[in-house]
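What follows is a set of notes on a single structure, which appears directly below.
All of the numbers you see were taken from the coordinates with simple rules; none came from a lab. Being a predicted model, the structure only gives us computed values, none of them experimental. Positions of Cβ are backbone-derived with ideal geometry, glycine not excepted, and every protein chain shown enters the neighbour counts.
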Amino acid sequence: MKNDLMDKIVSLAKRRGFVFQSSEIYGGLNGCWDYGPLGVELLNNLKQAWWRSMTYCDDIEGLDASILMHPKVWEASGHVENFTDPMVDCKECKARFRADQIEDSECGNKGYKGRKAAKCMEEGKFTDARNFNLMFKTYMGAIESEDSIAYLRPETAQGIFVNFNNVKESTRQKLPFGIAQIGKAFRNEINTKNFLFRTREFEQMEMQYFVKPGSDEEIYSGWKERRLNWWMDLGVKKEKLNFAPHPADKLAHYAKAAVDIEFEFPFGFGEIEGIHNRSDFDLSQHAKFSGKKIDYFDEQSKERFTPFVIETSAGASRGFMAILCNAYDEDEAPTSEGKSEKRTVLHFHPKLAPIKCAVFPLVNKDGLQEISHSITEDLQKSFKVFYDESGAVGRRYRRQDECGTPFCVTVDYDTLKDDTVTIRERDTMQQERIHKDKIKVYIAEKMS
Ligand code: ATP
């Protein structure tokens, strides 16, 4: 049942232009996906919502650091040494697995469909586990040598740490303050799976909040709550969200405390965001490796110290998938003959919906198309709006429901008399008549 639901979501995502396989005409590229016309709108809206909630305030600044960084960065951060996953190979079918994810994996031999990889492990078919570094390596410049190695960043955070002094000095921020960034990250995952959940190229939305040591635990708890509420404010159902704290013996090398916000995907709960108390690990390491002073002088207490970092690290791509799964629904809608039919609907929050409003002329004559075009053009100055004049109005509603458009405006013969239109809301399917000059305000209010 659950796989069936995931299949339906993946198929809708392709059919309606949310997500396509990368390089599809060449058979696709494992772990890479392209965002189609509706997908790029949804992804941009999600990132925009995050950017506004993080940086439109007094204490958080924005940054866009480069993807390629000095190779010493990754030595200082611990990635060259520690950013590894344990990997095992099946000696029989040659499939490769993450040793810590065997429980969730299936045997790679097509002849044994449904067989658990754990069973093959028990039978001694696997090699010993060896560590595999997840960073993509490349070379800078014309000569490929040890000295020209560069890495595609596996996380955006390091761009923030190395810019701590620059941002502090250019903005004159006082602790506590944060730096936020959205950008691509790359991990050469051993197994990519579950659509956008584990990919090799993805986007992160990270914020590092610099605090005075001693205040870190309280600020960490505050960010936990704020981040959970942010997902709920975007319409993610409370019962589909969960905190999963990392046990002390499983903490990453830099972390003093860590918790994941998990979402219930059709295949089970999975992390969409991590909140970490990174202590002073990162700034101290970069100070040590660069030989530069990276610290903070507190004017009031006259103390100099290395700030602690509270990090909120969300996946934009995984978040996108959570938003898509959360919105997917099948229900019943009335037909023009007074019966009902099954409809597929995406209940996106209006703020996230790729198209905010669709405009339909009831019929394609008597000047209704011209009025509809003029309403569309006017609304397009503020929102993404779709004009549709083909097929019965019921069919046009169904098409918009399936891509999550929250409002549909129909121009009919009454519009010719009194300039009013019907506006129909996606979730309740209720219609009301409003003046055509009020549509923009109506939608803007619902979006906020
Ligand atoms: P996981 O345990 O799932 O590998 P992680 O703990 O390594 O994830 P972080 O390093 O904390 O993840 O990254 C922060 C966020 O980046 C994650 O919550 C997730 O949303 C996203 N992310 C990490 N790896 C991937 C990936 N391979 N594909 C898509 N998103 C990812």
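Observations, loosely collected:
- Estimated FRET transfer efficiency (Ser336, Phe269; beta-carbon r; R0 35 Å; 0.05): 0.25
- From helices alone, the chain scores -9000 deg cm²/dmol at 222 nm; the rule is -39500 (n - 2.57) for each run of n ≥ 4 DSSP H residues, then divide by the residue total.
- Inter-label distance, nm, simple model (7 Å from Cα along the C-beta direction), Phe136/Asp366: 5.7 nm
- The slack in the chain from Leu175 to Leu251, taken as 0.36 nm per residue of separation less the alpha-carbon distance, amounts to 24.8 nm.
- Arg130, Arg343, Arg187 arranged by Cβ crowding within 10 Å, fewest neighbours leading: Arg130, Arg343, Arg187
- When each of Ile439, Ile102 is scored by the number of other beta-carbon atoms lying within 10 Å, the sequence from fewest to most is Ile102, Ile439.
- Low-density loop positions, GluC sites (Glu not before Pro), the range 85-123 - DSSP coil, at most 16 other Cβ in 10 Å: Glu92, Glu123
- Loop-resident sites, the range 373-448, for trypsin sites (Lys or Arg not before Pro), counting at most 11 other Cβ within 10 Å (DSSP): Lys381
- The ranking of His286, His373 from fewest to most other beta carbons within 10 Å of each one's beta carbon is His373, His286.
- Approximate spin-label separation Phe243-Glu303, in nm, with each point projected 7 Å along Cα-to-Cβ: 2.6 nm
- Prolate/oblate/rounded label for the range 355-447 (Cα gyration tensor, a/c 1.5): rounded
- The range 1-66: C-alpha gyration tensor shape, a/c 1.5 cut-off, then a/b vs b/c: prolate
- Overall, the anisotropy analysis places the chain in the oblate class: the square-rooted eigenvalues a ≥ b ≥ c of its C-alpha gyration tensor yield a/c not less than 1.5, with a/b not exceeding b/c.
- Among beta bridges from DSSP that stay inside the range 355-447, the antiparallel ones total about 55%.
- Distance between the modelled labels on Lys293 and Gln101, one decimal in nanometres: 4.5 nm (7 Å Cα→Cβ projection).
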